[in-house]
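To keep things clear, I will list the structure first and then write my remarks on it.
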Amino acid sequence: GNRVNKLIAYAGKWNYKNAGNGLHDDVHDLNFDPEGKTLYASTDGGLYKTTDGGENWTRISKGLNIAECWSVAVSQKKPYRVLVGMQDCGTLQYRPIGDSLNGWFQVRGGDGMEAAFDPIDQKIQYSNDGNNNLLSRSEDGGVTWSRNLAASRKQQGNYLRPFLIDPVHPNVLYTAYHDVFKSTDRGETWKVISAFDVPDPKATIVALAVAPSDSLTIYAAYAGCACTSKPERKLFKTTDGGITW
């Protein structure tokens with residue numbers, strides 16, 4: 001109808017300008033209202049509208065309890081805290097104090113991915129960023145954070161890179177790129193504990209698990225459908241902490 005005709009009329013007049021004041025990154029959808037006067041945008045940061053052709057945007061999803069969450073971590077001791085890794089909105093933490101909106105704080109920026117609490121000392125926390133291969137540790141409850149503790153600067157990992165704390169030894173961390181990496185000093189140093197015979201050197205590990213009953217038993221799974229013509233060498237297991245798989 002009228003909206004289609006307007007788009008056709010503008011099709012020959014496209015030009016680039018730095019519009020989008022106030023609009024969040026990663027726009028997923030755009031829609032006009034029936035009269036074509038208001039343009040709505042759904043983004044990683046919520047729902048926005050503009051009435052001046054995109055020069056200025058107003059967020060209209062304030063108050064809605066919505067978010068793109070990649071991970072949720074809960075502390076193991078009271079008072080309980082929660083860490084949430086959010087797409088394009090950083091890492092948020094809930095702590096039961098009254099100096100923020102409902103107790104939620106943004107403690108890290110970027111793309112929040114896997115987050116975790118030390119099971120014994122909940123002031124020790126970890127956050128990951130998918131796009132920038134960042135891993136950081138806080139020892140004061142999320143107020144300040146360490147330098148980047150990424151296990152590898154050479155290997156490429158999944159966007160949602162596996163990261164976990166050993167269920168028996170909290171100072172031991174695991175993460176995975178093409179290989180499985182282990183740290184015994186809360187991320188300060190890392191070493192490779194895998195030597196998989198995987199044909200594709202660019203293959204990345206999509207899932208990692210340590211058995212709660214025996215932390216020497218570890219599973220690692222590579223990305224890719226298990227029903228492909230060659231599903232072998234996709235899933236690996238060790239029962240001696242990575243010496244053999």
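Taking every DSSP beta bridge that has both residues in the chain, what percent is antiparallel when rounded to the nearest 5? Around 100 percent of the beta bridges assigned by DSSP in the chain are antiparallel ones.
For the chain, the fraction of 1.4 Å probe accessible surface lying on carbon and sulfur atoms is 53 percent. Counting charges near residue 158 (Lys, Arg +1; Asp, Glu -1) among other residues having Cβ under 15 Å from its Cβ returns a value of -2.
Treating the angle as unsigned and between 0 and 90°, give the value, to the nearest 10°, between the Cα long axis of helix 2-11 and the longest Cα principal axis of the chain. Roughly 80 degrees between the two axes.
Taking all Cα pairs closer than 8 Å and separated by 6 or more residues, the relative contact order of the chain comes to 9 percent. How much net charge surrounds residue 119 when only other residues with a Cβ under 14 Å from its Cβ are counted (Lys, Arg +1; Asp, Glu -1)? Neighbourhood net charge equals +2. Excluding ligands, DNA and RNA, the accessible surface per residue across the range 105-194 is 42 Å² with a 1.4 Å probe.
Note down the net charge around residue 186, summing +1 for each Lys or Arg and -1 for each Asp or Glu among other residues with Cβ under 10 Å from its Cβ.
Net charge in that neighbourhood comes out at -3.
At a threshold of 8 angstrom on Cα-Cα distance, excluding pairs fewer than six apart, so keeping six or more, what relative contact order does the range 105-192 reach in percent? Over the range 105-192, the number comes to 20 percent. About its Cα centre, the chain has a charge dipole of approximately 240 debye under the convention of +1 per Lys or Arg Cβ and -1 per Asp or Glu Cβ, with nothing else charged. Determine which residues of the range 110-139 fall in the zone a paramagnetic label at residue 158 would reach in this model, i.e. backbone nitrogen under 20 Å from the point 7 Å along Cα→Cβ. Taking a point 7 Å out along Cα→Cβ of residue 158, the residues of the range 110-139 whose backbone N falls under 20 Å are 111-117, 126-136. Net charge dipole, the range 72-121: roughly 260 debye, given to the nearest 20, about the Cα centre with Cβ charges of +1 for Lys and Arg and -1 for Asp and Glu.
The values are calculated or read from the model by the stated rules, or taken from the named source; none is laboratory data. All values derive from a computational prediction rather than experimental measurement. Don't worry about glycine lacking a Cβ; one is built from the backbone with ideal geometry, like all the others, and counts go over all protein chains shown. To get the accessible areas, we keep the full protein, side chains included, count just its heavy atoms, and leave off ligands, DNA and RNA. Shrake-Rupley method; radii C 1.70, N 1.55, O 1.52, S 1.80 Å.
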